[in-house]
Amino acid sequence: MATVKEFRNSIRPNWCPGCGDFAVQAAMQRALGNLDLEPENVAIISGIGCSGRISGYVNAYGFHGVHGRSLPVAQGVKLANRKLTVLAAGGDGDGFGIGLNHFMHAVRRNMDITYIVMDNQIYGLTKGQHSPTSSFGFKAKTTPAGNIENSISPLQVSLAAGITYLAQGFSHDVNQLTELIQGGIEHKGFSLINVFSPCVTYNKVNTYEWYKEHTVNLNQFADYNPLDRGAAIAKVIETDGLCTGLIFKDTEKPVFEDLVKGYQDAPIVDQDLTLGQERFDRIMAEFA
Amino acid sequence: MLQELSWKVGGQQGEGIDSTGKTFSSSLNKMGYFIYSYRHFSSRIKGGHTNDKVRVSTVQRFSSADALDILLAFDQETIDFNGHELRPGGVVIADAKFNPTLPADIAKDVSLFSIPFTKIAEQNGAAIMKNMVALGATSFVMGLPPDFCAAELQSKFGKKSQKIVEQNLLAVKAGYEAMEQQGRTFPEFALAPATPDHHLLMIGNDAIGFGALAAGVRVMPAYPITPASDVMEYLIRQLPAVGGLVIQTEDEIAALNMTIGASYAGSRTLTATSGPGLSLMMEAIGLAGMTETPVVIVDTQRGGPSTGLPTKHEQSDMYAVLFGTHGEIPKIVLAPATAEECFYASVQSFNYAEQYQCPTLLITDLALSLASQSVMPFDYSKVTIDRGLLATAEDLAQVGPSDMFKRYERLENGVSPRVFPGQKGGLHHVTGVEHNEIGRPDEGAANHVKMMDKRLGKLKDVELPGSVSYRGAQDPDVLLVAVGSSYGPISEALDRLEAAGLSVGHAHVHVLSPFPVKSLSQRMQRARQVIVVESNATGQLFHLMRFYGLSHAEMSSYTKYDGTPFLPREVEEKVRGLMIAWQR
């Protein structure tokens, strides 16, 4: 039986002390352990950025691809072996800047993949440029006079694209984050867990304290129903996207893998690839 | 009696020109003739001139003919645009509906027959069958029975309704009779009897798709693009039956990254694209090279640069394919010459990709991808699946509980065993960052050199079998070097030049990477003069040869980049011209 320990390895992350990503790493390891998964049956695909290194910091199969393309790789992995638990991870620049196109399409495709975004509203690894989730007016190296672009709302974008599991966490609350990630993995379909994961080095605005002050836990709303898409959209607008918890869940929508014609339960990786003379001849006869 | 005949049907895009050509080609292919059919089309759905030029022969051909014998026209534009291709004594059969006339520059003794295709079709049920009437008129000229296309129509419409088959056949017969009533016979157009052989008729893209299926492909992520889409369309029809799928991605970047993901997780996968998509794939090609993930990428070259000529022929991606992606990675590039070779090269590309664990590109050109060719049935016994070096159960059992699998352990030839996610004992890391044996980032100087040498060493001093084929004189006065579908027109030019007593050879390049320096060098040394023939403006193959150190005192470049493939006559005349100049 696997526990959180099995998902830990000896690599020391190259994140700054206090980085929000440590909590995401811990929450991922706990969630995987709680679900009693074996490390070899988990594949973590990540993009580029500080957070993209996470695929090397969890003891599982890890693939660290190019910038913004973790989701296409993750979907390819899932297609080849649908029995694997596939996680994709990266930062806000990776997912909502260079990779936004893939994100939208991954959402509407709805494969059974869990996507964890460590959103710090800044580019950290390249040393402090503004990101697609940086607020209007935000000052960064590339916005010395303040950001004149509107920020992306990952939550609204997800709901608009028809996401089937949407949650938002905060690195300060590892317990809640673990639950949300666990819920995402258990959910049959595409899930996004957007995590406020502060950059302690370059973002002096959106700090732990700032998030503590500005975010609201959805638990506080006794009558909030995450199965109600309309209510979810309203709540995201009402809180200006600064809410944590399970925002929306659709348990009805079928997953991509179940809709593919002829797709078998046995993973492709286990199939016999030989066509055989008889089938070969039959297919060739179509050209006669 | 003619050993071969060249026929063309033309009209507006969207009025069934394509299907008329197909019915004609398939029917004659079924009768045992060899077909080579090349379509002229433009990048729009309806409207604009389109034509299908079909060569019917008693021997296998891989090129369009120099001149046209019969032109079937559904509008005046077809006659005006294509009339100059007719040989003296050729025939134009046109719909009386548009009062056809012959242009002033038409060859001597070309006759025009105005047949009311549309009217006859209407009398027989529907105007849409005008194509069938036209085919009937053709069959009379060629001395074919009016039911020559019965088998093809049966297989095309039989499942839908027997009545449609009968109606179409009546329309063909009516066209035949209308031509008969013109009061002329055409003994000079009669075709010699066909071979008794059974041929398949396919385009290069179909052959690639079929090859991929036979090689065990299960996942194809791709984005539609001319002229590559047929590969995905073929596999969309075939993969569900074997539990696989084609997934249409949001762009080519996703297509190749998804291909990489599926391959990493153990599936045989490919993607197919053309120039613009290839440009978008460049970063991921580097990722596949760096992570040693086997992928097969089909690049069907079309006219560039940028959007270029999406529906026209060119061979101008060679530099991009060979040198594309930043940094340095090993790459295998196969360049088949015929549809038959497309099949076997497709099968082999998956073996190479997995044996050498590097991106493998299969490049064609538009003529090869889209021209229909008669091919002899493929030999299944030649289809092998070799997945390359995979970790054995013993290998994995030896990995300690807290150790990582050495996925990038440097073995003698640089190839290390693969494992797939899901395998116990195989945990390792994969990254596009320079890494060590277990895939952990390692930017150390010594490690980088070691790993670069490991990856690049996989193809060092390798020349793959069949990289260069050769025909012609052993010590030729003129050596022609070419790649891709130019094989067809050059082969014919060679036959004619040899028949005229000239000493000519043709070295054809079938593998562009690793570049076959040795084989080409041997051929070049024995030739007095070398001409590199290719469909691009800058002479890419010519310069590649130089780049790889191949030199010759008399080496020249012959390029064509007007969007059309070479004709045998053009190559023949070029060689004759050069030989005359040279003998002076």
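Things worth noting here:
- With each label modelled as a point 7 angstrom along the Cα→C-beta vector, the B:Asp379-B:Gln3 pair spans 2.6 nm.
- For B:Ile93, the amide hydrogen comes within under 5 Å of the amide hydrogens of B:Leu71, B:Leu72, B:Ala73, B:Phe113, counting only partners 5 or more places away or on other chains and with H modelled in the peptide plane.
- The protein assembly as shown: translational diffusion in µm²/s, Stokes-Einstein, Kirkwood Rh over Cα pairs, 25 °C, 0.890 mPa s: 82
- DSSP finds beta bridges in chain B, and of those with both partners inside it, around 40 percent are antiparallel.
- Helix axis angle, B:229-238 relative to chain B longest principal axis, alpha carbon, degrees: 80
- Degrees between helix B:568-583 axis and first principal axis of chain B (Cα, 0 to 90, nearest 10): 80
- Segment B:434-482 and segment B:290-360 have Cα centres spaced 15 Å apart.
- Other residues with beta-carbon under 13 Å from the beta-carbon of A:Asn14 carry, at +1 per Lys or Arg and -1 per Asp or Glu, a net charge of 0.
- Summing both sides, the accessible surface hidden between A and B at a 1.4 Å probe radius is close to 5000 Å².
- Mean sequence separation of contacting Cα pairs (under 8 Å, at least six apart), scaled by the length of segment A:1-68, corresponds to a relative contact order of 37 percent.
- Other protein chain Cβ atoms within 10 Å, averaged over every residue that makes up B:426-437: 5
- Partner shielding of A:94-105 amounts to 2, given as the average count of beta-carbon atoms from other chains within 10 Å of each residue beta-carbon.
- Of all DSSP beta bridges in the protein assembly as shown, antiparallel share, percent nearest 5: 30
- For chain A, relative contact order (Cα pairs under 8 Å, six or more residues apart, normalised by length) works out to 18 percent.
- Modelled label positions at A:Glu149 and A:Val205, each set 7 Å beyond Cα in the direction of Cβ, lie 1.4 nm from each other.
- Taking A:Thr3, B:Thr259 and ordering them by how much accessible surface each has at a 1.4 Å probe, largest first, produces A:Thr3, B:Thr259.
- Accessible carbon and sulfur surface of the protein assembly as shown relative to its total accessible area, %, 1.4 Å: 52
- Linear extension gain, B:Val59 paired with B:Ile164, 0.36 nm per residue minus alpha-carbon span: 34.5 nm
- GNM flexibility winner over chain A from A:Pro154, A:Pro144, A:Pro198 (Cα, springs under 10 Å): A:Pro144
- Sorted on the mean count of surrounding Cβ atoms within 10 Å across their residues, most packed first, peptides A:34-46, B:536-548, B:570-582 read A:34-46, B:536-548, B:570-582.
- Annotation: amide H-H contacts under 5 Å for B:Ile247 (H modelled 1.01 Å from N, sequence separation of 5 or more, or interchain): B:Met220, B:Ala222.
- Three-way shape label, segment B:282-342, alpha-carbon gyration tensor, a/c 1.5: oblate
- Folded to 0 to 90 degrees: helix A:100-109 orientation relative to chain A principal axis, Cα: 50
- With all protein chains modelled, accessible area of A:Trp210 [1.4 Å, Å²]: 60
- Sorting B:Leu494, B:Leu322 by solvent-accessible area of protein heavy atoms yields B:Leu322, B:Leu494, largest first, with a 1.4 Å probe.
- The residues of chain A have, on average, 40 Å² of accessible surface per residue, using a 1.4 Å probe with all protein chains present.
- Over chain B, relative contact order from alpha-carbon pairs under 8 Å, at least 6 apart, %: 12
- Computed [θ] at 222 nm, helices only, for the protein assembly as shown once each DSSP H run of length n ≥ 4 contributes -39500 (n - 2.57): -10000 deg cm²/dmol
- Taking a straight line from the alpha carbon of A:Lys204, these lysines sit under 16 Å away, with near neighbours fewer than eight places off in the same chain left out: A:Lys127, A:Lys139, A:Lys141, A:Lys212.
The values are calculated or read from the model by the stated rules, or taken from the named source; none is laboratory data. Note that the structure is predicted; figures quoted are calculated from it, not measured. Every residue, glycine among them, receives a Cβ derived from its backbone with ideal geometry; neighbour counts consider all protein chains shown. Heavy atoms of the whole protein, side chains included, go into the accessibility calculation; ligands, DNA and RNA do not. Shrake-Rupley method; radii C 1.70, N 1.55, O 1.52, S 1.80 Å.
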